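A quick write-up on the structure given underneath.
The values are calculated or read from the model by the stated rules, or taken from the named source; none is laboratory data. On a predicted model such as this, the values are computed, not experimentally measured, just so you know. Heavy atoms of the whole protein, side chains included, go into the accessibility calculation; ligands, DNA and RNA do not. Shrake-Rupley method; radii C 1.70, N 1.55, O 1.52, S 1.80 Å.
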Amino acid sequence: MWNFVKTGGYGLTSSVLNLMYPSICPICKGRSDSYSHSPICLNCWKGIEQYSGPSCRICASPLVSEYSTVCGECINALPPFSMVLNYGIYSGVLAEAINLMKFYGVRRLTRPLGRFFLSLEIPECDGIVPVPLSKKGLRARGFNQTLLLARVISKELRIPLLMDMLFKKKDTPPQIGLNAKERLKNLRGVFETCMRIDNLRLLLLDDVMTTGATVRECSKTLIKAGAREVIVITLARSSMM
Ligand SMILES: [Zn+2]
Ligand SMILES: [Zn+2]
């Protein structure tokens, strides 16, 4: 319920940045030349690449060896989701764009970022669930970026957007600085569904996946509530921050 409450309003940072356009591209320091991607210039934007190297067939973690198909994490603890569809690596221009959207309120980037998902092979599913923010988190940010990204897929591929399905019922400290185990513990039991999910195949969307603690916990909650399968979709895989 909470993740769409404030999505109608513009954050202060976003308004200030809009006034400043045309602005300077943070990558090449040239002038940004496209409002929809600004402050990143089109030339730098075109440098964002889809990751095509070897990756774990379950969690999409980049693998060092081309001969293994499943990573050590997934072997140790099989995730509750069936697979992760991931676009790129959290570095360079892609990381910059995600940070501008998330931490500097540049909401217009959700559209071009959301379009990256369309180059992934998204299987047929019953609905798309954005990873929710807590009430406090939403108040602080002013919008939920996963909801805005999910809207792009929902509209383009006509998959129902299920924004009321999953809640984050309490605020948690930032995951930065915690190891994988601590991250899972930090999130245990914080997500909740408000309804029974009858046998649905769901697409769970997050922007960045690091250890996977968030999407594991969300998937667990959805499956417990009756989901048949959860497929995770993320913009970027990141190593521990
Ligand atoms: Zn540039
Ligand atoms: Zn894996």
| field | Cα-based helix-to-principal-axis angle, 213-224 vs the chain, degrees rounded to 10 | value | 50
| said: Students often forget the sequence filter, so: which aspartates and glutamates lie under 16 Å Cα-Cα from LYS102 once same-chain residues fewer than 8 apart are removed? | reply: ASP206, ASP207
| request: Any chance you could tell me what percent of the C-alpha pair distances in the range 191-241 go past 14 Å? | output: 51
| Of all accessible heavy-atom area on the chain, the percent that carbon and sulfur account for (1.4 Å) | 54
| Under 14 Å from the Cα of LYS224, which aspartates and glutamates turn up, not counting those fewer than eight places away in the same chain? | GLU192, ASP198
| request: Sort out for me the Cα centre separation of the range 120-170 from the range 177-206, rounded to whole Å. | output: 13
| field | Residue-level accessible surface for THR69, protein heavy atoms, 1.4 Å, Å² | value | 80
| field | Proximal lysine pairs, the range 127-174, alpha carbons under 15 Å, eight or more residues apart or interchain | value | 6
| query | When we measure straight from the Cα of LYS46, which lysines land under 16 angstrom away, once same-chain ones fewer than 8 places off are left out? | reply | LYS29
| task | Could you check which residue among ALA213, ALA77, ALA95 shows the biggest mean-square fluctuation in a GNM of the chain with a 10 Å Cα cutoff? | result | ALA77
| query | Taking the chain as a Gaussian network, Cα atoms linked when under 10 Å apart, which of LEU94, LEU161, LEU78 shows the biggest mean-square fluctuation? | reply | LEU78
| Using a Gaussian network for the chain with springs between C-alpha atoms less than 10 Å apart, which of these wobbles most: ARG107, ARG141, ARG228? | ARG228
| Relative pair counts by distance (%), Cα atoms of the range 2-237, 10 Å bins | 8, 31, 37, 20, 4, 0
